[in-house]
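The values are calculated or read from the model by the stated rules, or taken from the named source; none is laboratory data. Since this is a predicted model, take the numbers as computed values, not measurements. Here the Cβ is made from the backbone with ideal geometry for all residues, glycine too, and neighbour counts use every protein chain on show. Ligands, DNA and RNA are excluded from the accessible area calculation, which covers all protein heavy atoms including side chains. Shrake-Rupley method; radii C 1.70, N 1.55, O 1.52, S 1.80 Å.
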Amino acid sequence: MKKCVVLSGAGISADSGLKTFRDAGGLWEGYKVADVCTPEAFTRNPDLVLDFYNMRRKQANEAVPNAAHKALVRLESYYRVQIITQNVDNLHERAGSSHVLHLHGELNKVRSCVDENEILEWTGDLTREDTDGKGHALRPHIVWFGEEVPAFPQAVEQMRDADIVMVVGTSLQVYPAASLLEFAPPQAECYLVDPNPRQAGRMVEVVPKKAKDGVPALVEELIRRAQ
């Protein structure tokens, strides 16, 4: 089987009804990113940050995978599929994808503020009274602006042997995720699925459609070629 690496962004989740902070000029559901998505914000006003992510978690858990998520699951029968997502929801997993790497963390996980390796599954609200095994405060398991992206080296390794790269619903504006294409082999076929592509770069084909429409069509074409 050939290997297909899928780099997914907010656009694929948007088709399931989840908004992104880029929808409204730097606001996410009416919040300034600097007030809820940085380590400084958590230090300054932890209750606000926790409430914000509690709302995001609830919304994400109520959303359902769309046709794009489901099509990528179908692709696994014909290709080795590795999803590298910038999204913090678990819609890929709930659709049934087997190999998902989250670059920016996960809403349904929290971690210790002292020991970053102590990570817990979490589906309900997180409060300041919740603690890790040693009584230390917990925080969302999210990579905030200004923090390192621990999963990036693993993402680079996954990209290095890709035969096909599919970029779905991301503007390729957020680094270091946007640089991942640089690590794909020169001969890899690259596709961009986005209704308003800002840049195609090395893409050999642009599918100017929303994820829920463009991904299923592209997947069927890739399956046809693999049969």
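Evaluate the following for Ala177: is it touching a residue at least 40 places away in the same chain (Cβ under 8 Å) and farther than 20 Å from Val33 by Cα? So Ala177 does not fit the description; no. What number of residues within region 105-128 satisfy the criterion of being free of Cβ contacts under 8 Å to residues at least 60 places away in the same chain and within 28 Å of Ala71 (Cβ to Cβ)? Summing the residues that are free of Cβ contacts under 8 Å to residues at least 60 places away in the same chain and within 28 Å of Ala71 (Cβ to Cβ) in region 105-128 gives 6.
Cβ separations smaller than 7 Å between residues 6+ apart or across chains give the following pairs from region 129-147 residues that are among the small types (Gly, Ala, Ser) to residues that are open to solvent by 70 Å² or more (accessible area, probe 1.4 Å): Ala137/Arg128.
I need the full set of residues from region 171-191 which are small (Gly, Ala, Ser) and part of a helix (DSSP H, G or I), in order please.
Within region 171-191, the subset small (Gly, Ala, Ser) is 171, 177-179, 184, 188.
Listed by number, the residues that qualify are Ala177, Ala178, Ser179.
Taking the stated definitions as given, is Thr123 touching a strand residue (DSSP E or B) at 6+ places or on another chain (Cβ under 7 Å), part of a loop (DSSP other than H, G, I, E, B), open to solvent by 50 Å² or more (accessible area, probe 1.4 Å) and over 19 Å from Glu40 (Cβ atoms)? Answer is yes for this residue.
Hey, can you tell me all the residues within region 43-66 that are among the acidic types (Asp, Glu), under 25 Å from Asp15 (Cα atoms) and out of contact with any Asp or Glu (no Cβ under 9 Å at 6 or more places or on another chain)? Talk me through it step by step, then tell me what you get.
Narrowing region 43-66 to residues among the acidic types (Asp, Glu): 47, 51, 62.
Going one step further and asking which of them are under 25 Å from Asp15 (Cα atoms), we end up with 51, 62.
Across region 43-66, the qualifying residue is only Glu62.
In the set Asn117, Asn87, only one residue is within 21 Å of Ser16 (Cα to Cα) and not hydroxyl-bearing (Ser, Thr, Tyr); that residue is Asn87.
Of note, Gly11 satisfies the criterion of being closer than 27 Å to Ala188 by Cα, crowded, with 20+ Cβ neighbours inside 10 Å and within 18 Å of the chain's Cα centre (by Cα).
Taking the condition part of a helix (DSSP H, G or I) and either touching a Pro at 6+ places or on another chain (Cβ under 7 Å) or modelled with pLDDT under 95 (or both), does Gly11 pass?
Working: part of a helix (DSSP H, G or I): yes; either touching a Pro at 6+ places or on another chain (Cβ under 7 Å) or modelled with pLDDT under 95 (or both): yes.
Criteria met by Gly11.
Among the residues of this structure, Lys19 counts as one that is part of a loop (DSSP other than H, G, I, E, B) and within 29 Å of Val167 (Cβ to Cβ).
Summed over region 49-73, the residues that are open to solvent by 50 Å² or more (accessible area, probe 1.4 Å) and closer than 18 Å to Leu101 by Cα give a count of 1.
If you check Val206 against the conditions, is it within 19 Å of Glu76 (Cβ to Cβ) and either aliphatic (A, V, I, L, M) or buried (at least 17 other Cβ atoms within 10 Å of the Cβ) (or both)? Give the derivation first.
Values: within 19 Å of Glu76 (Cβ to Cβ): no; either aliphatic (A, V, I, L, M) or buried (at least 17 other Cβ atoms within 10 Å of the Cβ) (or both): yes.
The answer is no for Val206.
Considering region 74-101, the residues that are part of a loop (DSSP other than H, G, I, E, B) and small (Gly, Ala, Ser) include one that is least open to solvent (accessible area, probe 1.4 Å), namely Ser97.
Criterion first (over 20 Å from Gln82 (Cα atoms) and open to solvent by 40 Å² or more (accessible area, probe 1.4 Å)) does Asp163 satisfy it? Please lay out each step first, then the result.
On the way: over 20 Å from Gln82 (Cα atoms): no; open to solvent by 40 Å² or more (accessible area, probe 1.4 Å): yes.
In short, no.
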